[in-house]
Amino acid sequence: MSVAAIVLAAGLSRRMGRFKLTLPWGEPTGARTVIGQVVATLETAGIAEIVVVTGYRSAEVMGALADTSARCVVNPDYASGAMLASVLVGLAAVSQQCMAALLCLGDQPQMEPGVVQAILAAGQSADWQTIIIPSYQRRAGHPILLPRWLWGEILAGQGTLRDVLARHRGQTSYLTVETPTVLADLDTPEDYETAVRLRQT
C-alpha cells in the first residue's frame, strides 16, 4: 500500500487570534503541539509518507515537527487563504508511486488512528478507485481519501476542491464512523478550550 498523507497547515489562524498549530496538545500538558499530534496520529496509523504544507509562520511548524517523519513544503500563496492552493502544493510534492492521498487538516488533533486506518481499508477494498469521505450522523468530515485518478483534475485548477468532488459524487463512498472527531477542528479559542477540556475528562 502506497498512500501519502497531505496535512494542510498553511493558514493564518485568524479566528483563533493566536497561532493555533503550535498550541499545546497532549499529556503531560504541552508535551506535543496541535500539528505534532496530527502527524503522530498519522504515524501511528501506519502512513509512511506525510507531507505537511506550511505557509504562515512556517519555521515554527517545521520546528514543531523536527523530530517526526513529516516532510514540510511551503505554499507561497498561503496569504490568499484558499485551501486549494495548499492542496495543489501537497499533491505536487507526494511520491509518484502513491495510489491515493489522504487529505488532512492541520488543526484536527482529535483525529483518531482507527478512523484513518478504516478510511485506508475502504480505499484499498475499492482498489484505490473511490473517493472515501468519513461521515458522522450524515455529516461529511475529514480526512478525505483522494484517489490518484482525481489528482489531474484537481491540479488543473478547474474550480475549488469542493467543485471537483461535487462532479464525482457517483465515485464517492461515505464511510460511516461512530465518532464526531471527523467533524472537529480548532477554529476559535472556544473550540480549543473545549477540546482540551474533553481530553482531560
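Checking the condition open to solvent by 30 Å² or more (accessible area, probe 1.4 Å), in contact (Cβ under 8 Å) with a residue 40 or more places away in the chain and β-branched (Val, Ile, Thr), which residue from VAL182, VAL196, VAL115 passes?
VAL196
Might you check whether a residue that is more than 24 Å from GLU153 (Cα to Cα), crowded, with 18+ Cβ neighbours inside 10 Å and under 14 Å from the mean Cα position of the chain (by Cα) occurs anywhere in region 15-31?
yes
Answer yes or no as to whether TYR136 is touching a Leu at 6+ places or on another chain (Cβ under 8 Å) and aromatic (Phe, Trp, Tyr).
Details: touching a Leu at 6+ places or on another chain (Cβ under 8 Å): yes; aromatic (Phe, Trp, Tyr): yes.
In short, yes.
Report yes if ILE47 is surrounded by 15 or more Cβ atoms within 10 Å (Cβ to Cβ), out of contact with any Gly (no Cβ under 9 Å at 6 or more places or on another chain) and either of a type in the set (A, V, I, L, M) or under 22 Å from ALA118 (Cα atoms) (or both), otherwise no.
So ILE47 fits the description; yes.
Just to be sure I understand the filter: pairs with C-beta atoms under 7 Å, separated by 6 or more residues or on different chains, first member in region 84-102 and surrounded by fewer than 22 Cβ atoms within 10 Å (Cβ to Cβ), second member at pLDDT 95 or above and assigned to a loop (DSSP other than H, G, I, E, B). Which pairs pass?
ALA85/ASN75; MET99/TRP128
Is at least one residue of region 61-78 open to solvent by 20 Å² or more (accessible area, probe 1.4 Å), touching a Phe, Trp or Tyr at 6+ places or on another chain (Cβ under 6 Å) and not in a helix (DSSP H, G or I)?
no
Mind listing whichever residues of region 103-112 are part of a loop (DSSP other than H, G, I, E, B) and crowded, with 20+ Cβ neighbours inside 10 Å?
Within region 103-112, GLY106, ASP107, GLN108, PRO109, GLN110, MET111 meet the criteria.
Within region 141-150, does at least one residue satisfy the condition of being crowded, with 19+ Cβ neighbours inside 10 Å and touching a residue at least 60 places away in the same chain (Cβ under 8 Å)?
Yes, the conditions are met somewhere in region 141-150.
Restricting the first residue to region 59-74 and requiring it to be on the phi < 0 side of the Ramachandran plot, which pairs with a second residue that is in a loop (DSSP other than H, G, I, E, B) and open to solvent by 40 Å² or more (accessible area, probe 1.4 Å) meet a Cβ separation below 9 Å and a spacing of at least six or different chains?
Sorted first by the residue in region 59-74, then by its partner, the pairs are SER69/ALA48.
The values are calculated or read from the model by the stated rules, or taken from the named source; none is laboratory data. Everything numeric here is computed off the predicted structure, so don't read it as measured data. With ideal geometry, Cβ positions are generated from the backbone for all residues, glycine too; neighbour counts draw on all protein chains shown. For accessibility, only protein heavy atoms count, side chains too; no ligands or nucleic acids. Shrake-Rupley method; radii C 1.70, N 1.55, O 1.52, S 1.80 Å.
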